[in-house]
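Since the structure comes first, as structure tokens, the remarks are kept for the end.
The values are calculated or read from the model by the stated rules, or taken from the named source; none is laboratory data. This one's a predicted model, so the numbers in the text were calculated from it and none came from an experiment. Note that we place each Cβ from the backbone using ideal geometry, even for glycine, and neighbour counts take in every protein chain shown.
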Amino acid sequence: MLSLTIIIVAACLCVALILNLWRLLIGPTVADRILALDTMYINAIALILLYGIYAESVLYFEAALLIAMLGFVSTAALCKYLLRGDIIE
């Protein structure tokens, strides 16, 4: 039962990733594109965690944590670049 649920949720997350990719490519403003990229990070983290549960391995949880940290830093850097035009002051 759990494996079927994981497969269904993974399919839903893949659809969400495709829709986020569409928003990233077609988004009317730069802020929409940054938000779509941040949401893609979150969906990728969820997919990795689902696969970690499915494979019963803790290695994937550490990879998800690493991607979460990179996603936060990249989103903060992109927003700072949009606001000020320079990342490093």
**OP:** Test L66 against the criterion of being exposed (fewer than 13 other Cβ atoms within 10 Å of the Cβ), under 13 Å from the mean Cα position of the chain (by Cα), without any contact (Cβ under 8 Å) to a residue 60 or more places away in the chain and outside any loop (DSSP other than H, G, I, E, B), and give yes or no.
**Re:** yes
Original post:
Which one of the conditions (1) in a helix (DSSP H, G or I); (2) under 22 Å from L78 (Cβ atoms) does T5 fail to meet, given that it meets all the rest?
Top reply: (2)
**OP:** Report, by residue number, each residue of the stretch 25-51 that is surrounded by 15 or more Cβ atoms within 10 Å (Cβ to Cβ) and charged (D, E, K, R).
**Re:** R33, D38
Original post:
Could you count how many residues in the stretch 69-88 are touching a helix residue (DSSP H, G or I) at 6+ places or on another chain (Cβ under 9 Å) and not in a helix (DSSP H, G or I)?
Top reply: 2
Subject >> Close pairs (6 angstrom Cβ cut-off, 6 or more residues apart or separate chains): within 23 Å of K80 (Cβ to Cβ) and of a type in the set (K, R) in the stretch 12-31, modelled with pLDDT of 95 or more and surrounded by 13 or more Cβ atoms within 10 Å (Cβ to Cβ) anywhere >> reply: none
Original post:
Does L49 meet the test of being of a type outside the set (V, I, T) and touching a helix residue (DSSP H, G or I) at 6+ places or on another chain (Cβ under 7 Å)?
Top reply: yes
